[in-house]
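Novice: I'd like to ask you about the structure that follows.
What follows is calculated from the coordinates using simple rules that are stated; it is not laboratory data. Nothing here was measured: the structure is a model prediction, and the numbers come from that model. For neighbour counting, all protein chains shown are included, and Cβ atoms are generated from backbone atoms with ideal geometry for every residue, glycine included.
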Amino acid sequence: MALKNPDAIAVIVTALRLSHGDEAARAMLVGGMSLAVLIETMFSAPIGRRDAVHNITRALDDFALSPELGPVWHLRYVYESHGSFRVVDMEIATPTGTLSSKDVWLRLLV
């Protein structure tokens, strides 16, 4: 299966490898990781926070999400403070409720 956003996935893979090493990065991509771990990894990568958020958002189409969200969901950004544009977390809103980044698991579709 071809990736929908290979450039974003490449940035994520590089960040995971730099932060966790090759084997752990591979295990995280294949076995799964929480959205919170991905966010933390990307925010600690040597790229700007805005680019990190952009790459995560673009790459979500290439991951299987768990729990199954259904056809209607919305990625919501959590900002540092009121009036700030500094994203510190993400959550997923669904018709049945909101999931924190710790409750959403990602596994690369390959």
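Novice: Which helices, taking whole DSSP H runs in the chain, have alpha carbons extending 18 angstrom or more along the helix axis plus mean Kyte-Doolittle at least 0.0?
Specialist: 6-20
Novice: What's the percent breakdown of Cα-Cα distances in the chain across 10 Å bins, shortest bin first?
Specialist: 14, 49, 32, 5, 0
Novice: Roughly what % antiparallel, to the nearest 5, for the DSSP beta bridges in segment 6-108?
Specialist: Close to 100 percent.
Novice: Please work out the Cα center distance from segment 4-19 to segment 76-101, rounded to the nearest Å.
Specialist: Centre-to-centre (Cα) distance: 22 Å.
Novice: If you don't mind, there's one more thing I want to ask. Across the chain, where is the longest run that never hits GluC sites (Glu not before Pro) in a DSSP loop with at most 12 other C-beta atoms within 10 Å?
Specialist: 1-67
Novice: Run the numbers for A93 and R58: contour at 0.36 nm per residue of separation, minus the present Cα-Cα distance, in nm.
Specialist: Result: 10.9 nm gained on full extension.
Novice: Ranking request for peptides 71-78, 10-17: highest mean number of other beta-carbon atoms within 10 Å first, then the rest in descending order.
Specialist: Put in order of decreasing packing, that is 10-17, 71-78.
Novice: Scan around N5 for amide H atoms under 5 Å from its own, H built in the peptide plane at 1.01 Å from N, and keep only partners 5 or more places away or cross-chain.
Specialist: Those qualifying (amide H under 5 Å, at least 5 residues apart or on another chain) number zero.
Novice: P(r) for segment 28-84, please, calculated from all Cα pair distances in 10 Å bins and given in %.
Specialist: 17, 52, 27, 4
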